[in-house]
Each structure stands twice: as C-alpha cells, then as structure tokens.
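The values are calculated or read from the model by the stated rules, or taken from the named source; none is laboratory data. Please read all numbers here as calculations on a predicted model, not as lab measurements. Virtual Cβ from ideal backbone geometry, glycine too; neighbours counted across all protein chains shown.
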Amino acid sequence: MKHWHLFLAFFRSGMLGFGGGPSSIPLVQKEVVGNFKWMDDEEFGDLLALANTLPGPIATKLAGYIGFRVAGPAGLITALLASVLPTILLMIVLLKSLSAYKEQTWVLGMTRAVVPVVGVMLTVLTWQFFQNGQKGLGWKANILLAAASLIIMEVLGLHPGILIAILLGWAVFSPEKKKKGTAVEQESAEKRKTI
C-alpha cells in the first residue's frame, strides 16, 4: 500500500506541476505533509532547503528522498518513476499537438493562465515557510534574515546553496545552542539528583 500511495502522490504532483520543478513543490508538500503525513512542515522545509543546494531537478530530488524514507530503495524507484513518467508522456503528446495548434488563441491563453496560478502556489508555500520561521525566530529576526538573504544573493551574487550551508553551520555550531544544551544537561542532572 505504501508503494501505491507513493506512486499516487508523485504522479499527481507530476501531472499537475506545470511550469517545471518549482511549480510542483507546493503540490508535493500538499501530498507529503497534508494528505499522507509522511513528514511535517518543518521537516519538509528542511528537506527543501537541502535539496535546493544540490544539483539536479528539485522534483526528482524530493521524490527520491521521500520515496526512500517511506519505503526504502524500492520506494525511491517508485516515487522517481511516478514523478518522471507523467512528464515524459505529456511531453510526447503535448509537443505533437501543440505544434499543430500553437497559434490558436485558446492555446496562448492556456499557457499564459498557468503563470499566475504557479505564482500564487509559490506565494502560499513561501508564506507557510515564513510562518514556520516566525515560530522559531520571531517576526523581527525572520524578516531581517529574509531581507539579509535577499541582499546577499541578489546584490553580492552569493549562490543560495552556499548561503544555506552557512546558515545551517551557524545553526548547528552557534554558541547560543551550546548554552541551551548545557542548561538542559544541568537541569536533567539536577532532576536525577533529586530522584
């Protein structure tokens, strides 16, 4: 049953993810977090951040990892096939039909209508990640971090993968985290003494 659910989740997101990998991210999130509950929003956000630092299409990276996590190596293959097959089949069919009708106004209207829909889906996903960041950092720190990241990437030209690696390193090795860790260790040691 897990393999069928994996196939269904990634087939649906592959079929409806018009516009490439980024447009399928909200669909994958809906399937993985909302429908099947294989992970929560925070885990999906971490996975998305890490997957964006690696080379290759985002949809296949997400499918591969989630498939492996849910059902091992066979799940990885199932999710990848479900993610890639719709695109291959649709490309063959659509390219043949599109070349025949590409000048028709209804075809031009359909292709233009996809762009705002994808934009809204990505905006909703961004807002959800922003809310999750607010829970951990607070509004001010979240806005400051988003603005600083935008400036660093756009003005200084730093690759997003390098920025994410720096932020992950800071989160793992920050002095504040070590202080919290020692405070928790001291508290648990005191509890053990009282018992």
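Before moving on, here are some points about what is shown:
- Looking across segment 150-169, the residues that are over 15 Å from residue 46 (Cα atoms) and more than 18 Å from the chain's Cα centre (by Cα) come down to 150, 151, 152, 153, 154, 155, 156, 157, 158.
- Set 126, 111, 105, 194: member being at pLDDT 80 or above, among the β-branched types (Val, Ile, Thr), more than 25 Å from residue 42 (Cα to Cα) and out of contact with any Phe, Trp or Tyr (no Cβ under 6 Å at 6 or more places or on another chain): 105
- A count restricted to segment 117-156 and to residues that are within 20 Å of residue 53 (Cβ to Cβ) and among the charged types (D, E, K, R) stands at 1.
- For segment 158-175, the set of residues classified as in a helix (DSSP H, G or I) and aliphatic (A, V, I, L, M) consists of 162, 163, 164, 165, 166, 167, 168, 171, 172, listed by residue number.
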